[in-house]
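J.: Mind looking over this structure? Questions follow.
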Amino acid sequence: MERTIITISESGRVNILSGNVWMSEMELVELFGVIVPTLRAAIKAIYKSGALSAITTLRCDLATPTSRTTFYNIEVVIALAFRLNTYESCRIRQKVLEGISHPQKAGINLFLMLKSVKTSIITILNKIISNRIAIIIIK
């Protein structure tokens with residue numbers, strides 16, 4: 001499984017690389033600056049409250065040929081950031097809220113000139129919308 005993790009630099013900068021965020025229990029302990037029982041209790045409380053489902057947010061994979069490791073996705077990381085009270089969780093909360101209030105505009109602007117094109121416009125538009133591409137159609 002290809003995965004990325006969230007880290008916090010010594011200066012307090014939260015680094016979230018693009019990709020699938022899946023983190024092991026030990027990576028989460030290090031990220032949030034808590035001990036294992038505290039992390040486990042917080043995860044248990046999140047699942048018990050019904051806020052998240054373990055079916056979609058938890059994955060067990062082989063860490064080595066003889067041992068399995070549990071990984072949690074970005075939803076669990078964000079939920080933990082709002083449940084735990086540490087400096088690190090505060091930094092992650094700030095990063096999440098910053099991303100919500102100031103989303104980065106990623107996309108491509110595509111200019112189409114249509115004269116007598118017989119292609120299915122609906123198909124083109126659906127592909128463009130699904131890829132978050134802004135379009136301007138010029139007749």
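Each value in this text was obtained by applying a stated rule to the coordinates, not by laboratory testing. Small disclaimer: the values here were computed from a predicted structure and weren't measured. As a convention, Cβ positions derive from the backbone with ideal geometry for all residues, glycine included, and neighbour counts pool all protein chains shown.
J.: Simple spin-label model, 7 Å along Cα-to-Cβ: residue 3 to residue 18 in nm?
T.: 2.2 nm
J.: Counting other Cβ atoms within 10 Å, which GluC sites (Glu not before Pro) in segment 1-88 have at most 10 and lie in a DSSP loop?
T.: Loop-located and lightly packed - 2, 10.
J.: Test of understanding: express the Cα radius of gyration of segment 1-106 as a ratio to 2.2 N^0.38 Å, with N the residue count.
T.: 1.07
J.: Right, next: Of the peptides 32-39, 12-19, how do they stack up when ordered by the mean number of other Cβ atoms within 10 Å, highest first?
T.: Per-residue mean Cβ counts within 10 Å order the peptides as 32-39, 12-19.
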